[in-house]
Amino acid sequence: MGALKSAVFTSATLRIPGSESAHGEGEVEDFGLFQTELGLPEARFLTLPPTLPYDLGQVLLAGHLPLTRQPTFAAMAGQELSYLAPQLPHRSLHILTANERQRGVSKVLQDAEVPHLSSVNDGPDRVVRDLNARPVGTALGSAGFMQGVDIRNLSMVSLDRVPFPIPDVVLSQQRVALGDFEKFWNTIYLPRAVLKFVQAFGRLVRDDRQDCGPGAFVLWDKRLPVSHYQGRFLGRCLFLHRTFTG
């Protein structure tokens, strides 16, 4: 690393609206969290136009299911998916961030005789491999499926909850260091949730989608449609969004 004179970082999720501006040159706005997390020195920042068809990914915000912490969530979400899955023309991926919820949804699909893969039961590698090998199929994935998973031709991706980070030692130290909860919420905690949300949406748009057409990203968490921070999530991606309650 001592001989390294320069490095270039590129990603669709380096710039998170709401985070602080970075220290450096160019388009520094909203690159602060990225720079801080990696401990980077002053640098030059540039925002490039999107190359993927984000306009073919529509976001639907559901407001009719209970919160994930309610014991009836898995049964009701499983019922929704048992209706939707057989009607989808291509593959679908449904991210359930707790293993117990995934088991509950999987049981409902089994009872409804809906064929599906489950990262809890089948393992994540098999889920990715087998779903990519099928023109039509349904898969349940864990929280790890929000990033680094490449499954093409998805008609639908769904996420069970707004992906707020679980408090840990690092977050606690950052909050104490700032000494201001509102600033911590707006510049660190909320941007991290936005980042995960955008990464989950990114599972839908992996190529030009010429073979499968438009797709839907569904969030089952009813908090976002009525929250004051909704714009922070929806404003990050170039997509069309709709809210439905029934």
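The values are calculated or read from the model by the stated rules, or taken from the named source; none is laboratory data. Computed from a predicted structure; not experimentally measured. Virtual Cβ from ideal backbone geometry, glycine too; neighbours counted across all protein chains shown.
Points to keep in mind about this one:
- Some residue of the range 168-187 being in the same structural domain as L67 (by TED's automatic domain parsing), surrounded by fewer than 14 Cβ atoms within 10 Å (Cβ to Cβ) and touching a residue at least 12 places away in the same chain (Cβ under 8 Å): no
Let's see how each residue does on (1) in contact with a strand residue (DSSP E or B) (Cβ under 7 Å, 6 or more places away or on another chain); (2) within 27 Å of V226 (Cβ to Cβ):
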{"site": "S119", "(1), (2)": "yes, no"}
{"site": "A133", "(1), (2)": "no, no"}
{"site": "F145", "(1), (2)": "yes, yes"}
{"site": "D160", "(1), (2)": "yes, yes"}
{"site": "P163", "(1), (2)": "no, yes"}
{"site": "I166", "(1), (2)": "no, yes"}
{"site": "S172", "(1), (2)": "no, no"}
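- Residues located in the range 77-98, provided they are assigned to a helix (DSSP H, G or I) and surrounded by 20 or more Cβ atoms within 10 Å (Cβ to Cβ): A77, G78, L81, A85
- Residue match in the range 178-200 (condition: among the small types (G, A, S) and at pLDDT 90 or above): yes
- Out of Y229, Y189, sole residue that is over 28 Å from P53 (Cβ atoms), touching a Leu at 6+ places or on another chain (Cβ under 8 Å) and not charged (D, E, K, R): Y189
- Look at the range 216-245: where a residue is among the polar types (S, T, N, Q) and a partner is at pLDDT 90 or above, sitting 6+ places away or on another chain with Cβ atoms under 6 Å, you get Q230/L224; T243/L61; T243/P225; T245/G63; T245/H64.
- Note on the range 37-64: residues that are within 25 Å of W220 (Cα to Cα) and either more than 20 Å from the chain's Cα centre (by Cα) or exposed (fewer than 12 other Cβ atoms within 10 Å of the Cβ) (or both) amount to 1.
- Selection over the range 99-147 of residues that are surrounded by fewer than 17 Cβ atoms within 10 Å (Cβ to Cβ), within 19 Å of the chain's Cα centre (by Cα) and not in a helix (DSSP H, G or I) gives a count of 1.
- Residues that are out of contact with any helix residue (DSSP H, G or I) (no Cβ under 8 Å at 6 or more places or on another chain), on the phi > 0 side of the Ramachandran plot and surrounded by 14 or more Cβ atoms within 10 Å (Cβ to Cβ), drawn from the range 1-31: D30
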